[in-house]
Amino acid sequence: MRPGPHALPMVVASAPGKCILFGEHAVVYGQPAVAVAIDARVRVSIGDTDTGWSIDGMTFDKKRHPHIDSIRKRLWTVDGGEPLSLQVKSELFGSAGLGSSAAICSALAAGLLHRAGTDAGELPLSGIATTAHLAEAEAQGGRASPVDTSTVTLGGAVLVSNRKEAMANWQYTRDLRINGQRRTWEVHRIELPESLDDATLVIGFTGRPGPTGDMVAKVAKLLERQPERMQDIERIGNVTRAGVTALSLGSLDAIGIAMNECHRLLQGLGVSDADLDRMVEAALPSSHGAKLTGAGGGGCMMALTSEPRRTAEAIEIAGGRTLVSALGAPGVRIEND
Ligand code: MEV
């Protein structure tokens with residue numbers, strides 16, 4: 001790809017955060033997972049500079065921003081592209097399991113492609129998701145699934161599995177070759193029925209980061225010590241498939257039951273904690289279902305509710321900071337075309 005000429009107008013690209021409805025952790029072992037894009041976005045502005053690569057006005061440090069370094073190497077500096085100045089603005093809680101690093105990667109990839117001449121309406125979504133996933137996988141030692149990067153890129157509701165699933169619209173295969181290993185996932189879209197337009201997600205942040213790499217490693221160790229626990233991973237897969245059917249039918253109660261069951265199984269894997277459990281308990285009386293979302297060990301929980309104000313109050317009283325969203329925001333896009 002060719003870098004753009006100097007003195008181009010600033011490009012602003014954005015991508016949404018995401019919440020995993022069902023299947024986190026199990027998806028690392030090939031089981032299906034479903035995530036939705038949420039109404040809080042990350043915006044990346046890309047402009048000219050005379051002084052070398054910078055981010056938010058500071059000299060770019062690739063050790064502090066390995067994801068961004070990976071994207072710029074793949075899409076920009078590989079052809080000797082000129083240095084750029086980047087500004088990142090996020091409406092998401094940071095390091096909270098809401099996909100903020102995936103959203104930065106996706107928005108940056110889209111912005112660089114647009115700056116290099118790709119029409120805003122013709123962004124290659126599967127290529128952007130692939131580039132963003134490689135950046136995530138490198139940063140997490142090869143274990144990251146493509147759930148976050150696919151969801152923030154495609155938007156809406158996304159199903160990722162190790163096989164093509166009949167109950168969703170298949171989009172592309174994600175093939176990851178890293179550390180001498182090859183892993184493959186099938187990425188699908190799920191059409192959400194209109195009846196879900198009235199449902200709301202209330203996300204509750206514990207205020208502590210969710211250390212994704214550590215939590216994924218914790219589950220890997222548990223499975224090494226107790227291989228029979230792979231049954232719980234398979235159970236999460238079965239609950240997720242039931243959850244997809246419930247989603248497609250727009251059955252809020254059935255979606256909630258699947259969410260509650262996922263939370264119980266994730267507790268069993270040791271990835272929930274006292275704060276997440278307290279917030280989930282607080283949300284349950286006013287919601288259809290509630291669970292941790294993302295890697296756990298801090299980070300966020302979420303509740304599906306038809307009474308968002310009541311649920312948000314309950315989560316806040318239990319110590320959480322809240323964010324309210326519909327299900328299925330638009331994916332990556334250029335903002336200033
Ligand atoms: C992180 O958002 C979800 C996990 O399943 C890890 C992954 O999918 O890469 C815990």
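Bear in mind these aren't lab numbers, they're just calculated from the coordinates by the rules spelled out. Everything quoted here is computed from the prediction, not taken from an experiment. A quick note on method: Cβ atoms are made from the backbone with ideal geometry, for glycine too, and the neighbour counts reach across all protein chains shown.
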If you average the alpha carbon positions of region 13-69 and of region 289-337, how far apart do those two centres end up, in angstrom?
18
Magnitude of the Cβ-charge dipole (Lys and Arg +1, Asp and Glu -1) of region 11-334 about the Cα centre, nearest 20 debye, reported as 740
What is the gain in length, in nm to one decimal, between D277 and E138 on full extension, counting 0.36 nm per residue of separation less the C-alpha to C-alpha distance?
46.9 nm
Can you pull the one-decimal nm distance between simple spin-label points at Q87 and T184, each 7 Å off the Cα toward Cβ?
4.5
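With a ≥ b ≥ c taken as the square roots of the eigenvalues of the C-alpha gyration tensor of region 127-240, please select rounded if a/c is under 1.5 and otherwise prolate if a/b is larger than b/c or oblate if it is not? Before the final figure, lay out the partial values.
On the way: a/c = 1.42, a/b = 1.25, b/c = 1.14.
Rounded.
So for R241, R225, fewest C-beta neighbours within 10 Å to most, what's the order? Intermediate values should be presented prior to the final figure.
Values: R241 19, R225 8.
Listed from fewest to most nearby Cβ atoms, that is R225, R241.
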Checking the cross-link filter: which lysines have an alpha carbon closer than 26 Å to that of K221, excluding same-chain neighbours under 8 positions apart?
K291
Given V88, I178, Y29, which one lies farthest toward the positive end of the charge dipole of the chain, if we put +1 on the Cβ of every Lys and Arg and -1 on the Cβ of every Asp and Glu?
I178
Label-zone membership for region 315-337, site M10, 7 angstrom Cα→C-beta point, backbone N under 16 Å:
334-337
Please compute the length gained on full extension between E228 and S195, using 0.36 nm multiplied by the number of residues separating them and subtracting their Cα-Cα distance.
7.9 nm
From the square roots a ≥ b ≥ c of the eigenvalues of the alpha-carbon gyration tensor of region 214-301, which class results: rounded (a/c under 1.5), prolate (a/b over b/c), or oblate?
oblate
Among G47, G180, G97, which one shows the highest mean-square fluctuation when the chain is modelled as a Gaussian network with alpha-carbon springs under 10 Å?
G180
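Using alpha-carbon pairs under 8 Å, 6+ residues apart, how would you state the relative contact order of region 1-137 in percent? Could the numbers behind the result be given before it?
On the way: 239 pairs, mean separation 43.6, N = 137.
Answer for region 1-137 is 32 percent.
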Region 11-334: relative contact order from alpha carbon pairs under 8 Å, six or more residues apart, as a whole percent, is 25
All lysines inside 26 Å of K73 as judged from Cα atoms, apart from same-chain residues fewer than 8 positions distant
K18, K62, K63, K89
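When only Cα pairs under 8 Å and 6 or more residues apart are kept, what is the percent relative contact order across region 194-280? Don't skip to the end; give the middle numbers.
Values: 37 pairs, mean separation 30.7, N = 87.
Reported relative contact order: 35 percent.
Where in the chain are the DSSP H helices whose alpha-carbon span along the long axis reaches 15 Å or more and whose Kyte-Doolittle mean is at least -0.5?
Working: long enough: 100-115 (22 Å, 1.06); 125-139 (21 Å, 0.55); 212-225 (20 Å, 0.08); 230-249 (29 Å, 0.22); 252-268 (24 Å, 0.35).
Correct list, ordered by number: 100-115, 125-139, 212-225, 230-249, 252-268.
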For an R0 of 35 angstrom, estimate the FRET efficiency from the Cβ-Cβ distance between D119 and T49 and round to the nearest 0.05.
0.90
What's the local net charge at T130, with K and R +1, D and E -1, over the other residues with C-beta under 10 Å away?
+1
So for region 11-334, Kirkwood radius off the Cα pairs, Stokes-Einstein at 25 °C and 0.890 mPa s: how many µm² s⁻¹?
125
